[in-house]
Amino acid sequence: MVSDVHGNARDLARAGDGADALICLGDLVLFLDYADHSRGIFPDLFGVENADRIVELRTARRFTEARELGARLWGGIDGDRFTVIERAVRKQYAEMFPAFPTPTYATYGNVDMPQLWREYAGAGTTVLDGERVEIGGRVFGFVGGGLRTPMRTPYEISDEEYAAKIEAVGEVDVLCTHIPPEVPELVYDTVARRFERGSRALLDAIRRTRPRYSLFGHVHQPLARRMRIGATECVNVGHFAGSGTPWVLEW
């Protein structure tokens, strides 16, 4: 199981070795690497110095200044902003999706563009969002995307939309989401030095339906990578772009 792949196609191609299936919890796209500011769509377009500056502003939670800087930079780019980003994302997806083994079960991250996945996902990749599937005799539920933030990443939805997808999944053995439940230790990123958005609806569902596992990613360097909430083992499966190592679920 992997999450937050962020362009790591090399290790993704080996992530399913020896497994019955690979599960991906999203964020295939690398827009800006907070550990290496020279990597991603942003520095490719605007240079490393501007990437350094925007990371500095975002880390300091100076989001208005970060947006103003972004607006100035985009103002100097020829062509429509959405078209430029889509072209760069397509280039990454063309490399990432062929690396998925068969079978793969995947859901979207907040930096992904769901409208493009149907073009790139092969026959061996099942994409699920607000849906459930049986894998190895257990029922898995999948909810992709993130909640709205000042970062304004591509696949952010309202709390109400997200809660409806959690409700649609219902009772499952393993609840797979991109974002974590809203628990301080699970949502705080120790490197970015900020609380990411977790889901209260997800937390409520965990307490109510008691899945065996709640699995997620999104927070790259959390205070806690796992904790138990009632009967449920909650696990951040890791920042695959950095580790290159999948998290293994066995039963």
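The figures follow:
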read-out: Residue in region 204-227 that is of a type outside the set (Asp, Glu), farther than 25 Å from Tyr105 by Cα and modelled with pLDDT under 95 present; value: no
read-out: Residues that are of a type in the set (S, T, N, Q), surrounded by fewer than 16 Cβ atoms within 10 Å (Cβ to Cβ) and outside any helix (DSSP H, G or I), drawn from region 88-143; value: Thr102
read-out: Residue count for region 101-147, restricted to those that are among the acidic types (Asp, Glu) and touching a Ser or Thr at 6+ places or on another chain (Cβ under 6 Å); value: 1
read-out: Residues of region 18-70 classified as among the acidic types (Asp, Glu), free of Cβ contacts under 8 Å to residues at least 40 places away in the same chain and assigned to a loop (DSSP other than H, G, I, E, B), total; value: 1
read-out: Output for region 16-41, where each listed residue is under 25 Å from Gly141 (Cα atoms) and either under 15 Å from the mean Cα position of the chain (by Cα) or open to solvent by less than 10 Å² (accessible area, probe 1.4 Å) (or both); value: Leu22, Ile23, Cys24, Leu25, Gly26, Asp27, Leu28, Val29
read-out: Some residue of region 161-170 being without any contact (Cβ under 8 Å) to a residue 60 or more places away in the chain and in a loop (DSSP other than H, G, I, E, B); value: yes
read-out: Cβ-Cβ under 7 Å pairs, at least 6 apart or on other chains, region 87-101 side of a type in the set (D, E, K, R), far side open to solvent by less than 20 Å² (accessible area, probe 1.4 Å); value: Arg90/Leu116; Glu95/Ala9
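The values are calculated or read from the model by the stated rules, or taken from the named source; none is laboratory data. A quick note: this is a predicted structure, and the numbers were derived from the prediction, not measured. FYI the Cβ positions are ideal-geometry reconstructions off the backbone, even for glycines, and counts take in every protein chain you see. Accessible surface areas use protein heavy atoms only, side chains included; no ligands, DNA or RNA. Shrake-Rupley method; radii C 1.70, N 1.55, O 1.52, S 1.80 Å.
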